[in-house]
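Working notes, structure below.
The values are calculated or read from the model by the stated rules, or taken from the named source; none is laboratory data. Quick caveat: nothing in here was measured; it's all calculated off a predicted structure. FYI the Cβ positions are ideal-geometry reconstructions off the backbone, even for glycines, and counts take in every protein chain you see.
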Amino acid sequence: MTDLPTPKPGILDIAPYVGGKSKIDGVAEPMKLSSNENALGAGQKAREAFQAAVSNIHIYPDGRATKLRDAVADHHGLEPERLIFGNGSDEVFALLNQTYLTPGDNIVTGQYGFLAYRISALANQAEVRLAPEPNFRTEVDALLALVDERTKLVYISSPSNPTGSYNTAEETRRLHEALPAHVLLVIDEAYAEFVAEPDWETSLPLARDAENIVVTRTFSKIHGLGGLRIGFGYAPLKVAEAVDRIRLPFNVSVPGLEAAVAALGDEAHQKASRDLVQTWRPRLTQAIKGFGFEVFPSAGNFVLVRFPDEKRNAAAANEYLHTRGIIVRPVGGYGLHDCLRITVGTEDQNRAVLDALSEFAAS
Ligand code: PMP
């Protein structure tokens, strides 16, 4: 007999989040295109700031993240006190869920909505309602149809992972207008900087004047700081103040804070990162379609490829890419068993992906 407490109801039903694979047996340096990281890595300014911060890693960080707070507020023209910083934007979602969800409440998101929204909602004994995405994009009416008086949060990501689709500025405004005021609308803009489509807009200005919108951003993608774990949310003041009460005292690290401030000021690196993605995303899309596979339009730094063929299926393509030293992301966790998500890499990496997929198509 054990006297261990039992985990709360539902905890043991949660499938743990599994990050992108980073190793292939027998391959010394695989190409990791499985986690939508920045193929150029971190910029020089962020690296230098990280190095310089090493002399201070025995000191606790500033829990208020004052320097980064002011830098982000200044960069985006936002009020500093309305920002929430987290150990990645993942933590911002978890903090929001923890702040607002009680057992029996629900969150609403798209069928292929990012898994991180759901895990902490389930941990707070809330119900997760998934709106169908038959066209691989989040539909406003499908979300609204699931909202009721126990809905506390609606999550959309625009652009979305893993589908790569986005919601137009008009759709996002319509969703906000139609939502009851008791629902907090969380708009995850992790991939904002890669968007080229003119009908997309950042929702930061929309959030500025709204009482129930949180927009989240991350330093993991455009800034190449995924390993340092920094993200933020721009929230109504009341929300930011509520979340701040339960935030872990020092949730963002000393080197993370310093590197993020430097990265924000490194416009050349941001531009190079955006240009790489905007150049190669259409090339990858066109070429992979040419091999006979389906590629969904993407606004992020990745493409979602469907392998409808029974023989040349997603699992076989994944294995084939491994033999070429390339790691991409199976997305069965989202129910997309016939798809692989491929991060846009460097020119050499992208060429290697195309060579491998062309050989696979002909195999
Ligand atoms: N939102 C989306 C849609 C993502 O794909 C990711 C990262 N995979 C995140 C948020 C989380 O980013 P972070 O590294 O800031 O936790």
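Remarks
- Residue in the range 314-321 that is in contact (Cβ under 8 Å) with a residue 12 or more places away in the chain, surrounded by 17 or more Cβ atoms within 10 Å (Cβ to Cβ) and touching a Cys at 6+ places or on another chain (Cβ under 9 Å) present: yes
- Looking only at the range 229-240, and only at residues there that are within 19 Å of the chain's Cα centre (by Cα) and not hydrophobic (A, V, I, L, M, F, W, C), the one that is farthest from the ligand (Cβ to nearest atom): Tyr234
- Residue within the range 85-94 that is part of a loop (DSSP other than H, G, I, E, B), more than 13 Å from the ligand (Cβ to nearest atom) and touching a helix residue (DSSP H, G or I) at 6+ places or on another chain (Cβ under 9 Å) present: no
- Matching option when the condition is within 15 Å of the ligand (Cβ to nearest atom), assigned by the TED database to the domain that holds Thr163, touching a strand residue (DSSP E or B) at 6+ places or on another chain (Cβ under 9 Å) and modelled with pLDDT of 95 or more, among Phe114, Phe136: Phe136
- For the range 343-363, taking the residues that are under 25 Å from the mean Cα position of the chain (by Cα) and not in a helix (DSSP H, G or I), the one that is farthest from Arg312 (Cα to Cα) is identified as Thr346.
- When Val243, Val254, Val154, Val183 are checked against the criterion of being out of contact with any strand residue (DSSP E or B) (no Cβ under 8 Å at 6 or more places or on another chain) and more than 14 Å from the ligand (Cβ to nearest atom), a single residue qualifies: Val254.
- Screening Thr99 on (1) outside any loop (DSSP other than H, G, I, E, B); (2) more than 16 Å from the ligand (Cβ to nearest atom); (3) farther than 15 Å from Tyr155 by Cβ shows it passes everything except condition (3).
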